[in-house]
Amino acid sequence: MSTAELKTTESTGTDTTSSYPLTARNRVKRRHDRGFYDHETVHKILDASMMCHVSYVIDGQPYCTPTFFWREGTRLYWHGSSASRMLKNQTAQQRVCLTVAFLDSLVLARCGFNHSADYRAVMAFGNAYLVTDPDEKERAGIAMVDRFFPDRTASLRETTAQEMKATSFIAMEIEEASAKIRAKGVADDDEDYELPIYAERIPVKTVIGAPEPCPRLLPGVERPASLQAYSEGRLLEDALTDAYFLQYPKG
C-alpha cells in the first residue's frame, strides 16, 4: 500500500477534530517526514490488524505484552484472563503505549547503510482502565468476536457467567497517536546507482491459506457465507478491514 493511499493530510496537530494532538510524546523525531497524525491514517493501520503489543511498567520494570485488540471510535479495547498480570496492573488508569506494525517489504540496497524495510506502524498513548460497567463489558464480550467475524456471536453457544467472570476487558481512550510509514523501496545514494551491485525490494504479505474445517464437525454443518472475507489467497489485512467496516459502518 503506497504512502499516497494512506496519507490524507499531514497534520500540524492543531486540528484535533480530525487529527491527534502533536506532542513531545507522539511526535516522530527521526525522519519526521514519515510521521502522520490524522485519524484516517492512524485508524486505517489499526483496523487492518488483529494483534497489538501493549507496553507498561510494573514497579519500575518495563513489560510488553502481545494481545488481540479492536477500535471503537478513538477508544481501543483488549482482553485477557482476569488473572493476567498485565490486566491486573491496568485496572486504575495505568499509562500504556499500544503499538501495531506491518512489515511491507525487505529493501536490499547497494550499501549496507541503505538496507532497509518498508513498513507501517502506529503508537497510541493513553490511560488504560478496567471495564467494570456490566453493559460495556457485555458489549465488549460480543465485540471481541464480531469485530473480526461480523454477526458470528449470534450463532454461537452463549458465553457462561463463569467464562465471562474469567475474562477481563481493558479500554483506553487514545490521547495521542502517530503513524510512521516508509514506502519508498530502494533508496541509494545517487552515485551508488552507477555501481554494478544488485538491489531489490522484496514484498512481504500475510496471505490467508485454505480453511481447515474442524474434523469433528457434525454432518451437514457448512462454512457460513459470513466468512467469505477470509478466503484463501486474500490478504489478512484486507479481510480484517472489511470486517471492521461491516461491524462499524461509520468507522
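Within region 59-83, track down each residue that is over 21 Å from the mean Cα position of the chain (by Cα) and at pLDDT below 85.
Result: 59, 82, 83.
What residue, of 187, 210, 199, is exposed (fewer than 10 other Cβ atoms within 10 Å of the Cβ) and touching a residue at least 12 places away in the same chain (Cβ under 8 Å)?
When all the criteria are applied, what remains is 210.
Can you name the residue in region 213-229 that is touching a residue at least 24 places away in the same chain (Cβ under 8 Å) and under 23 Å from the mean Cα position of the chain (by Cα) and is also least open to solvent (accessible area, probe 1.4 Å) among such residues?
227
If we keep just the residues of region 124-166 that are part of a loop (DSSP other than H, G, I, E, B) and acidic (Asp, Glu), which is least open to solvent (accessible area, probe 1.4 Å)?
The residue in question is 133.
Just for region 195-211: of the residues that are part of a strand (DSSP E or B) and not β-branched (Val, Ile, Thr), which one is nearest to residue 105 (Cα to Cα)?
Taking region 195-211 and keeping what is part of a strand (DSSP E or B), we get 200-203, 207.
This time we only want the ones that are not β-branched (Val, Ile, Thr), so: 200-201, 203.
Details: 200: 10, 201: 6, 203: 4 Å.
Looking at the filtered set, the residue picked out is 203.
Residue by residue through region 1-43, note down the ones that are part of a loop (DSSP other than H, G, I, E, B), open to solvent by less than 70 Å² (accessible area, probe 1.4 Å) and at pLDDT 50 or above.
Listed by number, the residues that qualify are 18, 20, 21, 22, 23, 26, 28, 37.
Within region 44-57, track down each residue that is of a type outside the set (Val, Ile, Thr) and either within 24 Å of residue 244 (Cβ to Cβ) or not in a strand (DSSP E or B) (or both).
If the condition is that a residue be of a type outside the set (Val, Ile, Thr) and either within 24 Å of residue 244 (Cβ to Cβ) or not in a strand (DSSP E or B) (or both), then 44, 46, 47, 48, 49, 50, 51, 52, 53, 55 are the ones that fit.
The values are calculated or read from the model by the stated rules, or taken from the named source; none is laboratory data. Small disclaimer: the values here were computed from a predicted structure and weren't measured. FYI the Cβ positions are ideal-geometry reconstructions off the backbone, even for glycines, and counts take in every protein chain you see. Note: areas computed on protein heavy atoms with side chains; ligands, DNA, RNA excluded. Shrake-Rupley method; radii C 1.70, N 1.55, O 1.52, S 1.80 Å.
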